[in-house]
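In what follows, a structure is listed as structure tokens, so that the remarks can point back to it.
Please treat every number below as a calculation from the coordinates, not as lab data. Computed from a prediction, not measured in an experiment: that's the story for all the values here. Note: ideal-geometry Cβ built from the backbone for every residue, glycine included; neighbour counts use all protein chains shown.
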Protein chains: 2
Amino acid sequence: MDFEIVTRDPSSSARTGLLLTPHGAVETPAFMPCASRGVIKACAPDEVASTGVQAVMCNAFHLLIRPGSEVIHQAGGLHEFMNWPGVVATDSGGFQVFSLAQPKSVTDEGVVLPSPLDGSEICLTPEVSIQVQNELGADMIMAFDDCTPYPCEYAEAAQSMERTLRWAQRSKAAHDNSAQALFGIVQGSVYADLRAESARATVELGFPGYAIGGVSVGETEAEMFAALEAALPELPEAAPRHLLGVGVPTQMIAAVKRGVDLFDCVLPTRNARHGLLYTWEGIIRINNARYREDSRPLSELCDCPACTQYNRAYLHHLFRLGETAAWRLLSLHNLRFFAQLMEQIREAIGTGKLEDLRAQVAAITEREVV
Amino acid sequence: MDFEIVTRDPSSSARTGLLLTPHGAVETPAFMPCASRGVIKACAPDEVASTGVQAVMCNAFHLLIRPGSEVIHQAGGLHEFMNWPGVVATDSGGFQVFSLAQPKSVTDEGVVLPSPLDGSEICLTPEVSIQVQNELGADMIMAFDDCTPYPCEYAEAAQSMERTLRWAQRSKAAHDNSAQALFGIVQGSVYADLRAESARATVELGFPGYAIGGVSVGETEAEMFAALEAALPELPEAAPRHLLGVGVPTQMIAAVKRGVDLFDCVLPTRNARHGLLYTWEGIIRINNARYREDSRPLSELCDCPACTQYNRAYLHHLFRLGETAAWRLLSLHNLRFFAQLMEQIREAIGTGKLEDLRAQVAAITEREVV
């Protein structure tokens, strides 16, 4: 992996860049939708690529469970398995241990947890996570981290952060695929000194890229930004920075201003399946009866399959039916909006208009289209 | 509507034809997938069109319930509402009264039944069904019929058939849209004399097309074919004949040999959602563990999006996840197979090879691909 900074924002720490991987380039700042189980829910990979998405985020834990990393390795890796023409990243499973499973034990060695599929015992360690990610063959992979819950006492946050550092070292030692870039993960909860220490020590271990984890877990926006402000200055300018699990448009712009390059989140596709659509004119809740006879497209400014071929009345009808065709069309729409949003962000960085864009995006994500 | 017979099979009553409607032509014999609620489940209309489907079958009862026929009328009719580029037919709701709802009363006047949506009382009469279908604006619409259950005593079948005749007359009188072709429906259960009488009396009323209903409701294949053999000779050669609710490939070929031109059925898409795929090499049950690492496409002979872009291992993975993206891809595959099957049937009629094709199709729908 190679990372080139292309332009710098005159009034913030934002930058545009080009991430070069064995499977093509990603223009940054970039948003990577979640294909946790090897698929963006309700959509086929070819359609996702056509919305302008350049990279997706899969998940080592989910894919270990099903279909098994050996099946994907056998198929030639995730790109081949999914027939995905772009870049792939995988998350290590650390966050899933924290958010999904109820671990039987968490020790310095690793985590023992029941398989969500059949209850059988899974032992996840840095070594296992990295081996799985090596087999999956993504372009960017993540160190196995101990994701700190929120709220969290200082002492506990410090312990968790230190464990993440030990696991980062073991992740790095276990990593055995030079075609993949291993990202170190910064933890430290909402404590500025812990975030800074985590960043410094992770940089000392040395990784080609850095991720900031343990955010968007219940803390306030101010706490999240403070954590970013403590960590980001400690990271090397030249390496890409990934903010894990953040996809709220205004939060992404705020993070970009602080120097973040990469994002991943289920938000646009989950919201779409719940009928919440983003447009440059405002928010649409397609279940609302006001759209029952509305013959306009979701947005006049969108060129996605939903907007170019179907109108609000038909999408409202499909959504009310619980039709999965609606989930697909609405997901593709939100993915297209996010791709357009990232284009706008990159353009605003080059022209110094990031704050104008933030204000515009704040307005359109707060008002409903009528 | 206009119907031209193009070729006749030398060794059976089969014929190929061209059905000309205000929304384009349909080559017959044709299969119309069911878009009962204004959508082919899991698929968007534009994708269905690209599989070679020329006409779809919607349902007056389902669309009356949701979104309401006035909404679709307001939108400019079903073609506009769905943005469907081809031909549309609607079924009258007679079969849904029989199969879905538990009517509160069935009298000569009509049927009173609870709405599946909110339990409110719906009164369905020939006049209501035709008014709804006039509003929906399909190219071909169906008379409101009394669908006879199976098994059924002779006397009951005779009464039901006679009621269908009275309703056919009222349907014809109520029909008020000259752009739509109203089909009369033949009933009579498994009784040859009733089927023949129903056909003769329906023809006497005079319709531009005829449908055969009350089949595929539990009777044997032999009983279904006998009913067809009793009814079809009584129908005018020059009018199109639609066999309602039949989609089993070998049964369609057997019906074509007896002179049927049109079919509709949920079979290909329902089977797809249950993981049963048709290919020219045999049947695939994609849930089967044998496909877990199978890097071949579903079929080498298919040009659908599932076959050209994804392999069995990936589709197996998506299907096991319960991913709706799988339902879509597999539905498009089966629709493409059915479009190819109807092409093969039309070609076999022209070249006198219908029996060879029937034998081939019987073989491939009985064996599993390994």
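Annotations
- Annotation: of all residues in segment A:256-294 being surrounded by fewer than 17 Cβ atoms within 10 Å (Cβ to Cβ) and in contact with a Phe, Trp or Tyr (Cβ under 9 Å, 6 or more places away or on another chain), the one that is nearest to the other protein chains (Cβ to nearest Cβ) is A:Asn287.
- Sole exception among (1) in contact with a helix residue (DSSP H, G or I) (Cβ under 6 Å, 6 or more places away or on another chain); (2) of a type in the set (D, E, K, R); (3) within 12 Å of chain B (Cβ to nearest Cβ) for A:Glu323, by number: (1)
- Condition check for A:Glu343 on (1) within 14 Å of another protein chain (Cβ to nearest Cβ); (2) surrounded by fewer than 17 Cβ atoms within 10 Å (Cβ to Cβ); (3) within 22 Å of A:Pro45 (Cα to Cα): one failure, at (1).
Here is a yes/no grid of residues against (1) touching a helix residue (DSSP H, G or I) at 6+ places or on another chain (Cβ under 8 Å); (2) closer than 27 Å to B:Ala35 by Cα; (3) of a type in the set (S, T, N, Q):
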{"residue": "B:Ala179", "(1), (2), (3)": "no, yes, no"}
{"residue": "B:Tyr191", "(1), (2), (3)": "yes, no, no"}
{"residue": "B:Phe225", "(1), (2), (3)": "yes, yes, no"}
{"residue": "B:Gly259", "(1), (2), (3)": "yes, yes, no"}
{"residue": "B:Cys265", "(1), (2), (3)": "no, yes, no"}
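- All helices (runs of 4 or more DSSP H) inside segment A:208-279 with 2 or more residues being farther than 27 Å from A:Met1 by Cβ and of a type in the set (Asp, Glu): A:221-231
- Enumeration of residues in segment B:295-330 that are over 20 Å from B:Glu47 (Cα atoms) and part of a helix (DSSP H, G or I): B:Arg312, B:Ala313, B:Tyr314, B:His316, B:His317, B:Arg320, B:Leu321
- Residues in segment A:64-81 that are surrounded by fewer than 22 Cβ atoms within 10 Å (Cβ to Cβ), part of a helix (DSSP H, G or I) and at the interface with chain B (Cβ under 7 Å from one of its Cβ atoms): A:Val71, A:Gln74.
- Conditions (1) of a type outside the set (Val, Ile, Thr); (2) in a loop (DSSP other than H, G, I, E, B); (3) under 23 Å from A:Tyr210 (Cα atoms); (4) in contact (Cβ under 8 Å) with a residue 24 or more places away in the chain; number of the one not met by A:Ser178: (4)
- Of all the numbered requirements in (1) assigned to a helix (DSSP H, G or I); (2) in contact with a helix residue (DSSP H, G or I) (Cβ under 8 Å, 6 or more places away or on another chain); (3) of a type outside the set (A, V, I, L, M, F, W, C), B:Arg290 misses one, and that requirement is (2).
- Segment A:263-293: number of residues that are touching a Pro at 6+ places or on another chain (Cβ under 9 Å) and closer than 16 Å to A:Ala326 by Cα: 4
- Only residues that are touching a helix residue (DSSP H, G or I) at 6+ places or on another chain (Cβ under 6 Å) and facing chain B (nearest Cβ under 7 Å) were counted in segment A:326-335, giving 2.
Let's see how each residue does on (1) under 25 Å from B:Glu223 (Cα atoms); (2) not small (Gly, Ala, Ser):
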position	(1), (2)
B:Phe81	no, yes
B:Pro103	no, yes
B:Val112	no, yes
B:Cys123	no, yes
B:Met140	no, yes
B:Asp146	yes, yes
B:Leu165	yes, yes
B:Ala173	no, no
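- Flag for B:His316 being buried (at least 24 other Cβ atoms within 10 Å of the Cβ), within 14 Å of another protein chain (Cβ to nearest Cβ), of a type outside the set (A, V, I, L, M, F, W, C) and without any contact (Cβ under 8 Å) to a residue 60 or more places away in the chain: yes
- Looking only at segment B:300-313, residues that are within 15 Å of A:Glu80 (Cα to Cα), aliphatic (A, V, I, L, M) and more than 7 Å from chain A (Cβ to nearest Cβ) come to 1 in all.
- Residue under evaluation A:Val132, criteria (1) farther than 30 Å from A:Gln54 by Cα; (2) in contact with a helix residue (DSSP H, G or I) (Cβ under 9 Å, 6 or more places away or on another chain); (3) touching a residue at least 60 places away in the same chain (Cβ under 8 Å), criterion not met: (1)
- Filtered residues of segment B:25-53 (kept if crowded, with 21+ Cβ neighbours inside 10 Å and either away from chain A (no Cβ under 14 Å) or β-branched (Val, Ile, Thr) (or both)): B:Val26, B:Thr28, B:Pro29, B:Ala30, B:Phe31, B:Met32, B:Val39, B:Ile40, B:Val48, B:Thr51, B:Val53
- Members of segment B:6-24 that are surrounded by fewer than 20 Cβ atoms within 10 Å (Cβ to Cβ) and more than 29 Å from B:Gly77 (Cα to Cα): B:Val6, B:Thr7, B:Arg8, B:Pro10, B:Ser11, B:Ser12, B:Ser13
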